[in-house]
Each structure stands twice: as C-alpha cells, then as structure tokens.
Amino acid sequence: MRGTKQLNRMSLLVAAFFLVGLGLAWPLVAVEAVPEKVAGASHCVRSGATGTGDGSDWTNAYPALPAKLVRGDTYYVADGQYPRHRFEDAEDGDKYITVKKAIEADHGPTAGWKKEYGDGVARFRTIQFMKGHYRFDGQVGGGPGSWTTGHGFEVFHPKGGTMIQILESGPPHKPQRANYIEIRHVNAQCPSIDVKGCAVYGCTGRYTNITISHCYFHDMFGAPLAIINWHDFLFEYNCVARNKCTPAWHSEAVSSRGCTRITYRYNWWENIQGTGIIMHMSGDATDWAVYGNVFLDTGKPPLGSTAHGVVADNQNGSAKRIKIYNNTIVGIRGICSGFRFFKGAGEIEVANNLWYDCKARAHMSRLTHDHNTYIRTKPPGKKTRAHDKVLEDHPFKNPGKSDFHLTRPTAPGKKLPAPYDKDMFGNPRGADGVWDRGAFEFMRK
Ligand SMILES: [Ca+2]
C-alpha cells in the first residue's frame, strides 16, 4: 500500500512538472494538498507460521507480534496462542498502531489466508502498554446480546495477576502518561474466582482518552478495574462479572481514584462483591456519567454484595457533577442497592433508574433523586419523591433468565438531553411518548 501511495504521488509530481512545462498553471502546492488518505501497511501475525516470518502474508506471517511495531501500521493476528506483549513503540504525533484480530471479513493481506485462521480466538499471555496511541481490537464478540461470548482476543495467564496493564510504575516525580488507547472485544479472566488478578490496571501515571468497549472481564479475586488519575475514559458495552472480595482483600468492580470525565454506559455488571460496584475510593471525582447499565445479582453463587452502594464513594476525596440515569438494578444484596456519595460536593443527580427485587435498600446520600421506580425494593426513605413509584409487579420479559427488556411502558421518566436519549441498542428514548425508566427503552409499535 505504501508503494502504491508513493507511486501515485510520483505520478502527480511528474504530471505537475509536465503541465508546468507546457506553460499551464499548476501550482505545486496543489500537489502537496492531495489528501494522504492512505492507511499504513498491513502485517500478518500467525502463531505456528513457518514461512520467512517477515509478516508480508499469511504464509510468511510473524509467529508472534514483533517487539517493535511501525506507527501507522496494522497488525492482523490469527487464531492461536501468543506470548506476553509489551507495547512500547515511540509515539509519532497522532499515529496509531492497530493490532486487530484477523477475521474472515477483515484480515489484511489475502495471500495464504485460510478462513480457519479467523474463526477462533487469539489468546495473549498478558499485555502491557507503556506508550499511547494504540488500538487493540478483537473485532468480534461481546456487547448486548453476546456479553460473554465470541471475543476475538483473550488475555489470560494461568497464574492470574494483571491481564492488561497500562504503564509500569515510574519515578514518582515524573509520572508517565498514557493517552489514546482503545481496547475492544477482549475477554480477560483469571483461572478462577480464587486467583488474585485484575483485568485492567492503570495506577502509576496519568491517563487520558482511553476507551474500553465490548470486553468481558470476569472471574477474579480482586477488582477487575483498578484506575488512578484517569481522565476522558469511556467504558461501554462491557460485561464485568464475578469477582471475589474478603475482609483482608477488599475489592469492587471498579476501584477508581481521582478520575474525571468518565462515562460508564451500556454495560452489564453481574455478581460483584465488595465495597460497591463502581467505587470512587479517594481523590476528587468530577463529571461522571453512569447510564443505561444493568447491575445484577443473579442470586446464584458466587453471590455479589455491596456495602456502600452500586455507585458510591469510600468517604474520601470529593465527588461532583455525577449523573446516574436509566440503569436497571436487580437483586443487589448487602447493605445498599442505591447510590451514596458521603463526600458529595454537588450536582449529583439520580433519575430514571429501575430497581427490582433488591434485598439491600436503595439508600441515597448527598444527591438529588426523583423519577425512580422501586419494585420489591425499599426506596431510600419513607417519603418518596414526587415522581417516584414503589411497585410490586415487574414489567420485564423474563427476569428469571436475566431478560430485563420491558413488556410495557414504565411511569414516565425525566426527559434528558443527549447523550442520555438512547438505550444500549440505540433505541431513542421517549419517541413513543414515554421516556421509560431502566436500561431498556420500551418502543410502542
Ligand atoms: Ca418508550
């Protein structure tokens, strides 16, 4: 592809000089302005490849990701087992390095390709990002409808530990930075809930513009996400399930410190044990949006348990401008199925959420709340808000099978601006006249 691009530019230059030679005006600047919309080169990576190993096609694929990758290029990875990889390629402006699962529909070079290279999983033995501008994309699996299946990439270590680490500890006086990292369609897990581990750990530097989507982080002893000093973080369409917490080893689904401009939307959180599910542990938290999620305890072991709340703080630091809208909260046990910010510093709003069958009361602390529905769940206080509903009958399709789609509209929710105006399937909220409560919008036909 590079060759083609150079050839095209050469041809244009030759044409330009030819035209200038003819006395026709063709300012050279016009040639320079030709858009360089040409992607970088594509390389093939295939475990067990026995060709020349130069990555040029599927016969001569690299047997593993090379230690040094080229900025702007794409590396397609076939099914198979791969060693640990540490991404530490010098950055070059905003040029990404893309590492994609090779699939039948998108596998770069065609020579030597076999479709059985692309119908399974590429499994890495831990991943480390020491620089920014990377895309690590399993391409398939995960998200609504296939929360736990089909992920193109897997990160697994038989002894547990950190699966995906962003930055190693550096000197405290000079924190490193990791910016612009996308992690998609990745299944990361420990061998069992009794093995200590973390799916994504980034606690030693400063982190901005990170996206994690369509991943499945599950079955580990500890917090699946441990993040400190993250800013502009989007966490969407992921499933986080089954962790373990003990008095000696506290945990939650997300252990967050000093994070700002964070969105948790359209995720499925299941059977989480700990202080809470999404926990602000210390430092100052501002501008969080938590919407369109399902927080569920199935009632089957390993059971979840929350102490402070579904989204809460740990009585340290402050929390300000937190929006918690349109979540479905089911079966939560422990002490609190609500949202508590003991150090709430204002502009924290909870609306349009739908509780069902939670054993823990939906306590709220230091926030404003209304337009919520509590079904077989104790509301925050004896006096409900003007637009709250406390009900016995549920409106779900099949809660026994964790299907919380609605069979009928709920009491009208509060109308909110974009981006809160769609559910996880993109259904517009309120288009049928009723903005429903909970994660799933009911669409009247
Ligand atoms: Ca509706």
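Among residues of region 60-84 that are touching a residue at least 24 places away in the same chain (Cβ under 8 Å) and more than 14 Å from residue 100 (Cβ to Cβ), those with a beta-carbon under 6 Å from a residue that is surrounded by fewer than 21 Cβ atoms within 10 Å (Cβ to Cβ) and of a type in the set (Ser, Thr, Tyr) at least six positions away or on a different chain give the pairs 60/52; 80/47; 81/47; 84/126. Residues of region 134-143 that are of a type in the set (A, V, I, L, M, F, W, C) and either more than 12 Å from residue 153 (Cβ to Cβ) or in a strand (DSSP E or B) (or both): 136 alone. Here are some conditions: (1) closer than 27 Å to residue 94 by Cβ; (2) touching a Lys or Arg at 6+ places or on another chain (Cβ under 7 Å); (3) of a type outside the set (S, T, N, Q). Residue 262 meets all but one. Which one does it not meet? All conditions pass for residue 262, except number (2).
Among the residues of region 258-270, just one is assigned to a loop (DSSP other than H, G, I, E, B) and surrounded by fewer than 22 Cβ atoms within 10 Å (Cβ to Cβ), namely 258. Look at (1) more than 24 Å from residue 234 (Cα to Cα); (2) within 13 Å of the ligand (Cβ to nearest atom); (3) surrounded by fewer than 15 Cβ atoms within 10 Å (Cβ to Cβ); (4) of a type outside the set (A, V, I, L, M) and you find that residue 397 fails only one, number (2). Cβ-Cβ distances below 6 Å connect the following pairs, each with a first residue in region 418-437 that is within 9 Å of the ligand (Cβ to nearest atom), a second residue that is aromatic (Phe, Trp, Tyr), and a separation of six or more residues or different chains: 429/435; 436/442. Would region 247-257 turn up any residue that is touching an Asp or Glu at 6+ places or on another chain (Cβ under 7 Å) and either over 24 Å from residue 340 (Cα atoms) or assigned to a strand (DSSP E or B) (or both)? For region 247-257, residues touching an Asp or Glu at 6+ places or on another chain (Cβ under 7 Å) and either over 24 Å from residue 340 (Cα atoms) or assigned to a strand (DSSP E or B) (or both): absent. In summary, strands (runs of 3 or more DSSP E) completely within region 68-133 and bearing 3 or more residues that are farther than 22 Å from residue 208 by Cα occur at 74-77, 80-82, 122-124.
The condition (being under 21 Å from residue 320 (Cα atoms) and among the aromatic types (Phe, Trp, Tyr)) is satisfied by just one residue among 266, 237, 291: 291.
Before we move on, is residue 408 within 16 Å of the ligand (Cβ to nearest atom), surrounded by fewer than 16 Cβ atoms within 10 Å (Cβ to Cβ) and at pLDDT below 95? No. Given the conditions (1) part of a strand (DSSP E or B); (2) out of contact with any Phe, Trp or Tyr (no Cβ under 7 Å at 6 or more places or on another chain); (3) within 15 Å of the ligand (Cβ to nearest atom), which single one is not true for residue 349? Failing condition for residue 349: (3). Is there any pair linking a residue in region 286-314 that is free of Cβ contacts under 8 Å to residues at least 12 places away in the same chain and under 25 Å from residue 413 (Cβ atoms) to one that is among the hydrophobic types (A, V, I, L, M, F, W, C) and crowded, with 17+ Cβ neighbours inside 10 Å, with Cβ under 8 Å and at least six apart or on different chains, and which? No pair meets every condition.
The residues listed here are 378, 389, 415; of these, the one that is within 16 Å of the ligand (Cβ to nearest atom), modelled with pLDDT of 95 or more and surrounded by 14 or more Cβ atoms within 10 Å (Cβ to Cβ) is 389.
The values are calculated or read from the model by the stated rules, or taken from the named source; none is laboratory data. Everything numeric in this text was worked out from a predicted model, so none of it was measured. Methodologically, a virtual Cβ is constructed for each residue, glycine included, from the backbone with ideal geometry; neighbour enumeration extends over all protein chains shown.
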